[in-house]
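Any read-out appearing in this document is the output of simple, stated calculations on the displayed coordinates, not a laboratory observation. No experiment lies behind these values; they were computed from the predicted model shown. Quick reminder, even Gly has a Cβ in these numbers, built from the backbone with ideal geometry, and neighbours come from all protein chains shown.
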Protein chains: 2
Amino acid sequence: METPWEYRYAHRMQKMGSSVIRELLKLTEQPDIISFGGGLPAPEVFPLKQFKEACNSVLEHDGAQALQYGTTEGYLPLRKMIARHSLRYSVEVEPENILITSGSQQALDFIGRLFLNRGDYIVVESPTYLGALQAWNAYGAQYISVPMDEHGMIVAELEKALRIGPKFIYILPNFQNPSGATLSLERRKQIVELADKYGVPIVEDDPYGQLRYEGDHLPSINYLDSEYRGEDAAYTGNVIYLSTFSKLLSPGLRVAWVIAPQQVIKKLVHTKQAADLHTATFNQMVAYEVSKGGFLDEHVKLIRATYKERRDVMLETMEEIWPAETSWTRPQGGMFLWGVLPEGMDTAEVIKLAIERKVAFVPGAAFHANGGGKNTMRLNFSYCSPEAIREGTTRLGMLLRELVKKNGIHS
Amino acid sequence: METPWEYRYAHRMQKMGSSVIRELLKLTEQPDIISFGGGLPAPEVFPLKQFKEACNSVLEHDGAQALQYGTTEGYLPLRKMIARHSLRYSVEVEPENILITSGSQQALDFIGRLFLNRGDYIVVESPTYLGALQAWNAYGAQYISVPMDEHGMIVAELEKALRIGPKFIYILPNFQNPSGATLSLERRKQIVELADKYGVPIVEDDPYGQLRYEGDHLPSINYLDSEYRGEDAAYTGNVIYLSTFSKLLSPGLRVAWVIAPQQVIKKLVHTKQAADLHTATFNQMVAYEVSKGGFLDEHVKLIRATYKERRDVMLETMEEIWPAETSWTRPQGGMFLWGVLPEGMDTAEVIKLAIERKVAFVPGAAFHANGGGKNTMRLNFSYCSPEAIREGTTRLGMLLRELVKKNGIHS
């Protein structure tokens, strides 16, 4: 029943859909559910001691600055640190190429606000990050889905998509959310060239790049773009690069960054000023204080070791228990893997039975901008303990065995 | 000269104006300028000791929660505390009526996103808060300006404005930014009735309500609306109420809140989820920890005493030095007062000379949505020390004497 308020004023407000992920995250709050649904870091790896020291030091030495309004661009020492960090991967940028955002979600929102008019097209991987679709749906975006395999976006399909005239290409190159796939070096180079040929910018979303558990680091699309054009990429680059402290330090801080040509950063700064003035000064100073002096380099080793073990437990359990009719990705890093059930099975149905057995995942359809993926699922392996991963993956596997048998599917 | 990047891609991005306030805030960073330009709290009143204790306590007892992703609605104990605080002023709300935002600027942005289509009208006071205009300009808003006097918006003009069919009315009832004016009780009641009559919601922006230095607290428009309708205001109210910890604790935390009917909060929650997922968990928990147990009630006494002294010094110096041809408001609280120069003088010109004399303010034209106010100026009295206020107000007064004389204006 509609309330009187809704009756009187609903017509004044924009229409909005509800969020699958949001409803699912509520389930993860039930303590007896083993949830592979969210995308949460392991709380065990939060560097509490370093945070405590950093908070005390910031308040002790720079308290008046930390609690005061700050500049929209972000805390300068933090932006300088990010510039130095980028240089390590040969990407030469100045602080003027960097904007601090309140999480990468905010960067996605601002990019939508800056580039999109209602009905504009965006090229996305299929599947792609749900939060990006949510951010851009708000601006009336339409999507051109380019299929992926285990080496990322299939480039042969990209050129067709670019001819439609999209506003930008959105790519998660490393340990993609949701699929876990990593874009190969060759494809990265091809995408840089194609994007340049068609004059379409690339939004490179890289929250997990540091979380590699095996294999060699691959250069970012941003770096390859600057190498390709052989110009001053700080001004002329074709890539808007996003990363975050959420997976390295803490998502509860909401501190992330955008690296882009200065003209884009200037526009994003104007956007941010109207949207929330600036990211919390205190959080930026604490993130800087915790990260400086090489701590992040040490800390990321602990995260890698922790998540690698969890990924391995999940993969081993799947090998052991899951029916032969199912398949899954073997991500070299990150926080997610991607399960594929036999055609005709619907993970939106499977999840209901899974929740009865106290285990959760995200049905894959939600990650597809233009439909499909009904037989797919995203599994997070960073949050639960290895024991819970073994138990939850086993429960899911047993359920899938029953379902595959019932559907009369044999290998 | 345009960079190659701009040449290639500028047409893809939205057009944006630059910000007067933003450019001015840069001036306040020059250490030798006495700036009445910004809207910064006095750093001397930041409760650093309490923040340190709160950070340690939160990380000690709830570190894993504080550094983790949180719910979009906000930290429940904080929302409960805000509900209890509202009840003190007889406004009965549930946590479901409250959304935590990353500063009130974000709430203004979300309200724009939720309610506005390009070309929609908003009723604003003239002058009004510049940040609100910036937020809503991004959505293509148009404004109906209702003039003010020392008792706030002139209600006789409001009814005409409402007949044009605005999406909402925006009011800062207490110690308005920029004018310092407080809306009288009688007008508050009249506005509630008129808004109800025309079915137009009210956005009540109240960052300064607690900062009263003399006179009696006036009931909020939100409370008067619920009293007027005699129904369950949590569902049926006509007011979206905004407030913040920025002026009571710290703007660098970026923690504020919206109180509204549940249908509105639900939509704002969806908006926030797509925009930045949630406000930093850590900051919400620290704000709660610092505020609980009655500390805020004690702390606000210190803020009031500090700002009252500064306001008094500014007013006394103006009485003493400023030419008789100028006038100004005498705010009962808040952080700003409003100067009016003789007609024909332009504060956008005055500011250039003022900066040469190392003193700054904000020219008043920027606060007028539909032009006018060229002879007005906003002066902040919360940030500078009493000594600096005396010195800066004197410098400005001497300059104004010269200018008034030169223009041949005599009292």
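About its Cα centre, how strong a charge dipole does segment A:93-252 have in debye, to the nearest 20, once Lys and Arg get +1 and Asp and Glu get -1 at the Cβ? Could you put the intermediate results ahead of the total?
Values: 12 positive and 21 negative charges, 102 e Å.
Charge dipole of segment A:93-252: 500 debye, to the nearest 20.
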With axes computed from alpha carbons, what is the tilt in degrees of helix A:295-321 against the longest principal axis of chain A, rounded to the nearest 10 within 0 to 90?
10
Scan segment B:343-411 for trypsin sites (Lys or Arg not before Pro) in coil per DSSP, keeping those whose Cβ has at most 16 other Cβ atoms within 10 Å, and list them by number.
B:357, B:358
How far apart are the residue B:76 label points across copies, placing each 7 Å from Cα toward Cβ, in nm, shortest first?
4.4
Distance (nanometres) between label positions extended 7 Å along Cα→Cβ at residue B:401 and residue B:88
4.5
Return the calculated 222 nm mean residue ellipticity for chain B, to the nearest 500 deg cm²/dmol, obtained by summing -39500 (n - 2.57) across DSSP H runs with n ≥ 4 and dividing by the residue count.
-14000 deg cm²/dmol
Please work out the Cα center distance from segment B:133-164 to segment A:360-411, rounded to the nearest Å.
55
Would you look at the GNM of chain B, springs on alpha carbons closer than 10 Å, and say which of B:120, B:62, B:109 moves the most?
B:62
Relative to the longest principal axis of chain B, what angle (0 to 90°, nearest 10) does the C-alpha long axis of helix B:185-198 take?
60
Here the whole-number average of other chain Cβ atoms within 10 Å per Cβ of A:94-102 is 1
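Applying 1/(1 + (r/R0)^6) with R0 = 51 Å to the Cβ-Cβ distance of residue A:159 and residue B:214, what FRET efficiency is obtained, to the nearest 0.05? Provide the component values of the computation, followed by the final result.
Working: r = 71 Å, r/R0 = 1.39.
Taking R0 as 51 Å, the efficiency between residue A:159 and residue B:214 is 0.10.
Quick check on segment A:192-309: take the gyration tensor over C-alpha atoms, sort the square-rooted eigenvalues as a ≥ b ≥ c, and tell me if it's rounded (a/c under 1.5), prolate or oblate. Could you put the intermediate results ahead of the total?
Working: a/c = 2.37, a/b = 1.22, b/c = 1.95.
Note, shape of segment A:192-309 comes out oblate.
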By the rule of another cysteine's Cβ lying under 4.7 Å, the cysteines of the protein assembly as shown that fail to get a partner are A:384, B:384
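Within chain B, which is the longest segment that contains none of the GluC sites (Glu not before Pro) sitting in a DSSP loop with at most 14 other Cβ atoms within 10 Å?
B:232-342
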Under the rule a/c < 1.5 gives rounded, and otherwise a/b versus b/c splits prolate from oblate, where does chain A land using the Cα gyration tensor?
rounded
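Grab the beta carbon distance between residue B:346 and residue B:297, set R0 = 51 Å, and tell me the FRET efficiency rounded to 0.05.
0.70
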Shortest-first nm distances, residue A:217 label point to equivalent points in other copies (7 Å, Cα→Cβ)
5.6
Amide H contacts under 5 Å for residue B:101, placed H, 5+ residues apart:
B:256, B:257, B:258
Does segment A:68-295 come out rounded, prolate or oblate by the C-alpha gyration tensor, with a ≥ b ≥ c the root eigenvalues, rounded set by a/c under 1.5 and, if not, prolate when a/b is larger than b/c and oblate if not?
prolate
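Segment B:32-127: which chymotrypsin sites (Phe, Trp or Tyr not before Pro) are DSSP loop and have at most 14 other beta-carbon atoms within 10 angstrom? Mind showing how you got there, number by number?
On the way: sites: B:36, B:51, B:69, B:75, B:89, B:110, B:115, B:121; in loops: B:36, B:69, B:75, B:89.
Listed in order of number, the matching sites are B:89.
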Output the 0 to 90 degree angle, nearest 10, between the alpha-carbon long axis of helix A:262-276 and the longest principal axis computed from the alpha carbons of chain A.
80
How well do other chains shield peptide B:55-65, expressed as the mean number of their Cβ atoms within 10 Å of each residue Cβ?
4
Grab the residue from chain A whose Cβ hugs the A-to-B rotation axis most tightly, plus its distance in whole angstrom.
A:55, 2
Connecting C-alpha atoms closer than 10 Å in a GNM of chain A, tell me which of A:337, A:59, A:108 has the biggest fluctuation.
A:59
Which distances in nm, rounded to one decimal and ordered from shortest, link the label point of residue B:44 to the equivalent label points in the other identical copies, with labels set 7 Å from Cα toward Cβ?
5.1
Provide the gained length on full extension for the span residue B:49 to residue B:324, in nm with one decimal, where the gain is 0.36 nm per separating residue minus the Cα-Cα distance.
94.5 nm
